[in-house]
Amino acid sequence: EKTLHELRSIAKYQFGENGDKFIPDNVKTKGMYHKRILSSGTQLALLNKDYGLYRLNLAGGEILKDLGIHIVNIDFDLKTNTVFAPGIEKADHTIIPNDEVVVVHNNTVVGVGKAVMTGYEMEECSNGIGVKLKHRLK
């Protein structure tokens, strides 16, 4: 069983400065292998045992959005689980491939997933996949 301190240390490692604020005081973990990270009964993320890192859920994306961490802003309505670079208006320049990111449209979290390119490339590229989503707002 991971302590609050351990969970926060992982978040700080994964999300950088202020990343530890990703884990609320009332956090609970459930699961034998991969740990589900829960707050007030809502799953924020999954702690992947194979990689030792969090995989975001939409609720976790909300927290990161409020913290201003790993945000990718898009200018279109999401219809698929792939975010192509041309639709990306702005992306956090600390993002590197495989980072967990939060996709935001009109100040709403519309998806969470893995970055395929750096934040800088997402802004600059006129083609290619920027983010592969794991969860999106339906």
Computed about the Cα centre, the charge dipole of the range 3-125 from +1 Lys/Arg and -1 Asp/Glu charges at the Cβ has a magnitude in debye, to the nearest 20, of 720 debye
Of the accessible area of the chain, with the probe set at 1.4 angstrom, what percent is carbon plus sulfur? 50 percent
Within the chain, what's the longest run with no GluC sites (Glu not before Pro) in a DSSP loop and at most 13 other beta-carbon atoms within 10 Å? Give the range, please. 18-138
Over 30 Å (Cα to Cα) among K30/K90; K12/K79; K90/K134; K2/K79; K28/K79; K21/K114 -> K30/K90; K12/K79; K2/K79; K28/K79
Can you pull the one-decimal nm distance between simple spin-label points at D77 and L4, each 7 Å off the Cα toward Cβ? 4.2 nm
What do you reckon, how do D99, D75, D25 stack up by accessible area (1.4 Å probe), largest on top? D25, D75, D99
Only helices counted: for the chain, with every DSSP H run of 4 or more residues adding -39500 (n - 2.57) and the sum spread over all residues, [θ] at 222 nm is -6000 deg cm²/dmol
At 1.4 Å probe size, with every protein chain present, just tell me what the per residue accessible area of the chain comes to in Å². 55 Å²
Amide H within-cut-off set for V116, under 5 Å, with H built and near neighbours excluded: N98, V131, K132
Full-extension gain between I96 and H34, please, as 0.36 nm times their residue separation minus the C-alpha to C-alpha distance. 20.0 nm
C-alpha long axis of helix 58-67 to longest principal axis of the chain, angle in °: 80 degrees
Computed accessible area, Y120, all protein chains, 1.4 angstrom probe, square angstrom: 130 Å²
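The values are calculated or read from the model by the stated rules, or taken from the named source; none is laboratory data. Just so it is clear, the model here is predicted, and its values are computed rather than measured. Every residue, glycine as well, gets a Cβ built from its backbone with ideal geometry; the counts of neighbours run over all protein chains shown. Quick note on the areas: whole protein, heavy atoms, side chains included, nothing else; ligands and nucleic acids left out. Shrake-Rupley method; radii C 1.70, N 1.55, O 1.52, S 1.80 Å.
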